[in-house]
1. Residue 704 versus residue 957, label points 7 Å from Cα toward the beta carbon: distance in nm?
2. Which order do 936, 973 fall in if you start with the one that has the fewest other Cβ atoms within 10 Å?
3. Over the alpha-carbon set of the stretch 110-172, divide Rg by the Kirkwood Rh and report the Rg/Rh ratio to two decimals.
4. For the stretch 496-676, count the residues as N, evaluate 2.2 N^0.38 Å, and divide the Cα radius of gyration by that value, please.
5. Let's test the formula: R0 of 30 Å, r as the Cβ-Cβ distance of residue 17 and residue 109. What FRET efficiency results, to the nearest 0.05?
6. Please give the length that would be gained between residue 1219 and residue 586 if that part of the chain were fully extended, namely 0.36 nm times their separation in residues minus their C-alpha to C-alpha distance (nm, one decimal).
7. Compute the distribution of all C-alpha to C-alpha distances in the stretch 456-597, in bins of 5 Å from 0, and list the percent of pairs in each, rounded to whole numbers.
8. Using a basic spin-label model with each label point 7 Å from the Cα along Cα→Cβ, how many nm lie between residue 901 and residue 1115?
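Please treat every number below as a calculation from the coordinates, not as lab data. Since the structure is predicted, the reported quantities are computational estimates derived from the model, not experimental observations. Cβ coordinates were reconstructed from backbone atoms using ideal geometry, including for glycine residues, and neighbour counts include every protein chain displayed.
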């Protein structure tokens, strides 16, 4: 029994103990020795919680780094600590613990010699960040497999598949496997697989990935991969059989899997021949001891220049002095330099005889530092090695060279090496061989060379998303359950079922057969998955079964498949609840027996049957499908009689439902039919944007698909003959565009966006002539074939936005023919990274692509092909921002006459600027006339005035409006910068054409920002308006984000933000009011006793209670507790402070609505305005308090006395004006301290002598003398 790792999930001792019990039971049932169980550690089998070691900060290791780590003593101690629970498990089961680094087992079974070589691929998982490329110690492995005897079967076993290893290490291991292995068995991957690996010499071995026998519950979607395999070896036929089985966690139930391998026979068995003629592994022939020493570039030059000095080193001191002459020499150990040097001598044919090698190693001091390598060097570089080298050398020598001595030949070779280095300095590469070759002789360009966009672009990252929001066409597949609520759009069908399922009474759905029908992609699977989730959350006593069926040729086949899947799921549920599995008798009978047992705990069962209609387009199948649906009524009756009321949900296409309805003999078998709602454009848009918001990196600023964009896609699809009916249809057309990076309406309509194309064309011709000419060359080489031209630009886009392409990589060869043309047209340049030659975009091309993206917001691959394949006659379309302004004007009568007047003026002036500054006119030197500049300046000023009127208050002066804008909650820094730029432009008399162009660009950009913001605020003002509200700037910014969330139907996020804002506001109100009433030392007397106890409990739980800000602890209280404190204060102050009564009244309206998930934003807005304006009213004496009421309120430590003396009063008066922040903390002290309580009492008692003004957009309160 071979267990290929991941025995546990976290490597804990408790998990291994449970595994131990399981394997003991299995061993007893199989009646085989414990020594016949072989266990390999997996990446889940080390104790991660105890990992804290010197290797945790390793990054980007190579073969040498790994070799040093694996040969250090501390590493062996480290892995023994990491895998101590695994070792303890082995010791308890087998009685001993083999080496973690790998070992070999020999078995004699039925007269056959079978070797198992255990390779540990998981040791690297315990170092670095746990994500480093894997490594196997091949030196140790070579020692294990070196043998002289013949074996009948050689099996290698390791946890990770070969593909997970560091690529150089993978090649080393693959070489060993081809020489010494029949079968490689690995685990790790959940899905089973097999392949045959061959080398160039014809050696081969079979690689088997076994899959997962058992998986935790979180891998429910992979339940079909619960598999193990039995291998049968026939030594007479010399072949191996792979027999797959599926299983349940109980191992009491398993069955033959006949559908895993499509190329298998009908019984599902794979039969593969074995090759045994390669299994003598000759260590001496393949183990080059110098293979892992890759000579650094610095040392190659050093060895050449210091050759004689190195050979004459006599002791360690001389060697150390010599090492100092190497740049960065301290990073090379002396013995490593020695190993590099002997490899240098062999590599450059300086040593050409075996005797010469022996003399060199034994004679010179430098090589005494690597005596441990001498024997292995002599074994590998033996006389036969040099004989072969010299024979090969003679073949390439000319007649005159044959007469030369070895020394002369060495000098010739050194000169040849120098010439090669000169060529390398010139950076000759594969592509450069084609540099001057005529076009006719270049490789042909074919469509097959075209790379998929998805290979180069992870489109969702460029859209600001964490991952693909549409990972599957199959409902909510591959979406985590915690995202369900975020991505489910409340269609009428969803809401209908949700309304029932979130209540206790679901009798309307019990004992029913319900048919859900609609076209493919209409959301039937999504509905089933959502209902399943709601049942799991709200109804614990319901059994939920999800069965995916496909139509079969006969009713018996459908029925058998149904009961097989039902049986498997019921067994799993039964085992989890009762901890045992029933004995197998018959599929149907077993289901009834299990339901009888489950009826003691569960009340009902919902079975969802999906996909049964997928092959029912065949007429002979549709009758079988309908026959099965008819039989559901019988199954339901049988299941219900067992004590578990049963309901069936099945999905179907309209054709199936119509046939059932017409056939009265079976129509009664279905109780309810539910047609999936038709998805219109608005619904599809909302559903798509829900997904984008859920997966956004910044949920506050998620990407959004606009209605115009989706509408345009639908129109294009319709023109192409593709009907868009279901949500899946919308997703398909959307993903097609997203994968081409066409995220906006501009990009998808680029062929008709003549203004953009004209601008880019003129810009290319005027400022980027060399790039423009290169693109034209590409057009010629493409022979005006748009697909080939798009491929050129796609490769350039990839090189610009991602990584270079390196010669020798697979990607290089797949796009080589295109790269040759790009090199000849000077659009790409050569680079060298770590001795590898690569290609990236040229500097000119990079500069232009950056400009294209920054100025137009477009990716090269989405715009350049359209520029060069545009129509000859370009017609400028209407500016969409002017259209947007006209729509705003139509909808904005509520903002008053002044707003409409200034906005209309701004719109008309902007349109004139646009007409006068077309792409053709801007090429003229004098395009920036006084009239254009005056229009720009006036339109911008009118925009700013209209903006301030819309968001804040009525005014008509630009300078006042600009000052208001610069300190407002809706301020945009780009617009403020442009206002300053406009002012500076006026003051300067002469301007260059470039300055004029830059000003025009900034003007257009600022107008677009303003129009977009105006459009948003008009839309959001339907939620609630912030205009003329006495609310601090910071709070308005938060409220603006909240109304944005409400407008986009993200009520959950809006609710969270409202809760946080309320908590913060009420906390400050409670604290400040308590300080005013009781003073800083005793402010907590204003709190109810039970709140004080809660605060004490919180403080005791904090490690450093002295550093705790007690005021901030209020934030940890629930909103309900904070409102309770306000109510307590109101009672204590005998309703003398009227603001408290208002807050209490509003809280009683708001709190019940929150529990019902309503926003009730108007009441919350009123509450925040009351709290924000409290400080202004308090200082003005408009709020009754113990000081201005002249009544003694019955509170401890509050006297009728005002709390300050005349001297302090005169001092405060002399220091006016005083500037306070929004919570009455003085910004401007004037050299004296002023506490909150004194400040409030003083202002109230001197209200006739001072003026108090609150500036909400600056978040300031100013106290000054009254004149």
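1. Output for this residue pair reads 3.6 nm.
2. Fewest to most other Cβ atoms nearby, the residues stand as 973, 936.
3. Taking Rh as the inverse mean 1/r over Cα pairs, Rg/Rh reads 1.06.
4. After normalising by residue count via 2.2 N^0.38 Å, the value is 1.00.
5. Calculated value: 0.50.
6. Roughly 219.2 nm would be gained on extension.
7. All Cα pairs, binned at 5 Å, distribute as 1, 7, 14, 16, 17, 16, 13, 8, 4, 2, 1, 0 percent.
8. 4.7 nm
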